[in-house]
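*Asks:* This structure is in structure tokens; I'll ask about it shortly.
The values are calculated or read from the model by the stated rules, or taken from the named source; none is laboratory data. Because the structure is predicted, anything quoted here is derived from the model rather than measured. Glycine gets a Cβ as well: all are built from the backbone with ideal geometry, and neighbour counts include every protein chain shown.
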Amino acid sequence: MSIFVDFAHSIINALAAVSTPALAIVLFTAAVRLLISPLTYWQFRSRRRQTALAPQLAELRAKHKNDPMKLATETLDLQRANGVSPFAGLLPALAQAPFFMLMFRVSNDGLIGGSLLGHPLTAHLAAAVPVFAALIALSAALAWWSSRQMRRLNPETPGWMAWLPYLGVPAIVILPLAAGLYLVTSAAWTTLERAVLSHPDRKSAPKNRG
């Protein structure tokens, strides 16, 4: 693990050499999100197709309401036939998790120098209340928008999933400033991706395979 932490640290230091440490974290986060963007595109394509299948899924639920096993089997068959993966929504978050852990280690171990608005990037909430208040407010706003878009793009989204974007808010409260900046930048990237990928021209209809 230390090898990867050192590698992440060296990348951030290289970016900081041509900018600032805080901007280096933003650039590092953007690079990570760009790296996993194909997974995000797959997630949105799968979600679009899932939404288009809603009438057929409703028919299956009505037809097999007393046979959960048959319902699950035919639902999976229908999704596979139309290019829908039930796991597509998890892949971007899973792919990003190792990079976030690296950022947490780099900031928590005090490997990052520099500051943001006069507060060290290794500081926690009690030592940098104004900056953290701004990050928390921004994170909450981005989470609200993300949750709203999630429900709009897929009305059948389970209630608990609509609350997932808000997990970043309490995380910022307990993490070092550098890690909080990573989370807010990542949330902003997600907001931008949803705005682009939810454009009508990018809608994908399910495949008709008879």
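*Asks:* Taking Leu78 as meeting all but one of (1) over 22 Å from the mean Cα position of the chain (by Cα); (2) closer than 26 Å to Phe4 by Cα; (3) not polar (S, T, N, Q), write down the number of the exception.
*Replies:* All conditions are met except number (2).
*Asks:* Suppose we filter region 1-26 for residues that are under 19 Å from Thr185 (Cβ atoms), among the β-branched types (Val, Ile, Thr) and part of a helix (DSSP H, G or I); how many remain?
*Replies:* Final tally of qualifying residues: 4.
*Asks:* Search region 1-23 for residues being among the aliphatic types (A, V, I, L, M) and free of Cβ contacts under 8 Å to residues at least 60 places away in the same chain, and hand back the single one that is surrounded by the fewest Cβ atoms within 10 Å (Cβ to Cβ).
*Replies:* Ranking the qualifying residues of region 1-23, first place goes to Ile3.
*Asks:* Search region 20-52 for residues being more than 14 Å from Leu91 (Cβ to Cβ) and modelled with pLDDT under 90, and hand back the single one that is farthest from the chain's Cα centre (by Cα).
*Replies:* Across region 20-52, the extreme among qualifying residues is Ala52.
*Asks:* Limited to region 72-123, what total is found for residues that are at pLDDT 85 or above, in a loop (DSSP other than H, G, I, E, B), of a type in the set (A, V, I, L, M, F, W, C) and buried (at least 16 other Cβ atoms within 10 Å of the Cβ)?
*Replies:* Residues flagged as at pLDDT 85 or above, in a loop (DSSP other than H, G, I, E, B), of a type in the set (A, V, I, L, M, F, W, C) and buried (at least 16 other Cβ atoms within 10 Å of the Cβ) within region 72-123 amount to 2.
*Asks:* Could you check region 144-192 and list, in sequence order, the residues that are at pLDDT 90 or above and of a type in the set (Val, Ile, Thr)?
*Replies:* Within region 144-192, Val169, Ile172, Val173, Ile174, Val184, Thr185 qualify.
*Asks:* Within the set of pairs 6+ apart or on separate chains, which have a first residue in region 46-72 that is more than 20 Å from Arg194 (Cα to Cα), a second that is among the acidic types (Asp, Glu), and C-beta atoms under 6 Å apart?
*Replies:* Cβ pairs passing all conditions: Leu60/Glu74.
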